[in-house]
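Just below is one structure, and these are the notes that go with it.
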Amino acid sequence: HKAQLLQSLQMTSQTEYSVVSLTAFFANKVEHESRHCNGKGLQRQGSSSFDRVYTANQNCGHAYPTFLAVLWCAGLLCSQAPAAFAGLMYLFVRQKYFVGYLGERTQSTPGYLFGKRIILFLFLMSVAGILNYYLIFFFGSDFEIHIKTITSAISPLLLIP
């Protein structure tokens with residue numbers, strides 16, 4: 001279990017580095033729009049393009065704690081490879097959401113819905129891992145191999161829009 005925990009920590013730390021760099025990109029866009037619209041420092045009141053960038057940045061920032069929690073749980077309790085794949089897909093989807101939000105608001109909807117589906121997948125992986133733990137604890141039945149096979153088979157389906 002120590003090797004599995006170490007691999008999971010490495011996977012999660014790499015994902016967190018990606019989250020930090022994506023957040024830095026979003027913050028840079030907010031600052032750029034603020035300076036472009038106002039000519040001064042960072043101010044909240046600005047044009048509609050600044051408001052869209054600022055709102056998209058806030059939405060992404062509010063979603064990351066939930067994402068990181070379910071990513072950790074899915075990786076630790078269920079299977080690391082599908083959780084890592086879903087985590088990378090989620091980062092791609094949030095980028096798509098952010099860029100879509102800069103245009104028309106309707107362009108961000110596919111990224112938002114896709115992100116919700118990935119969070120649901122990670123949550124269900126976590127629930128499956130918890131249920132497997134209780135099945136082992138109470139009944140002595142271990143379905144870990146079956147759960148890993150199912151999640152590995154389902155994770156590529158996340159690519160379908």
Revision key, fill the gap. Checked against (1) in contact with a Pro (Cβ under 7 Å, 6 or more places away or on another chain); (2) open to solvent by 100 Å² or more (accessible area, probe 1.4 Å), Phe92 satisfies every condition except (1)
Review point. Taking the condition within 22 Å of Leu76 (Cβ to Cβ) and either hydrophobic (A, V, I, L, M, F, W, C) or surrounded by 14 or more Cβ atoms within 10 Å (Cβ to Cβ) (or both), does Leu131 pass?
Key: yes
**Study point:** Matching entry among Thr55, Thr106, Thr12 (being of a type in the set (Val, Ile, Thr) and modelled with pLDDT of 75 or more)
**Key:** Thr55
Study note, to complete from the structure: Among Phe114, Phe137, Phe121, the single one that is open to solvent by 60 Å² or more (accessible area, probe 1.4 Å) and in a helix (DSSP H, G or I) is Phe137
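The values are calculated or read from the model by the stated rules, or taken from the named source; none is laboratory data. Predicted model only: the values in this text are computed from it and were never measured. In this analysis, Cβ positions are derived from the backbone assuming ideal geometry, glycine residues included, and neighbour counts consider all displayed protein chains. With ligands, DNA and RNA removed, areas are computed over all heavy atoms of the protein, side chains included. Shrake-Rupley method; radii C 1.70, N 1.55, O 1.52, S 1.80 Å.
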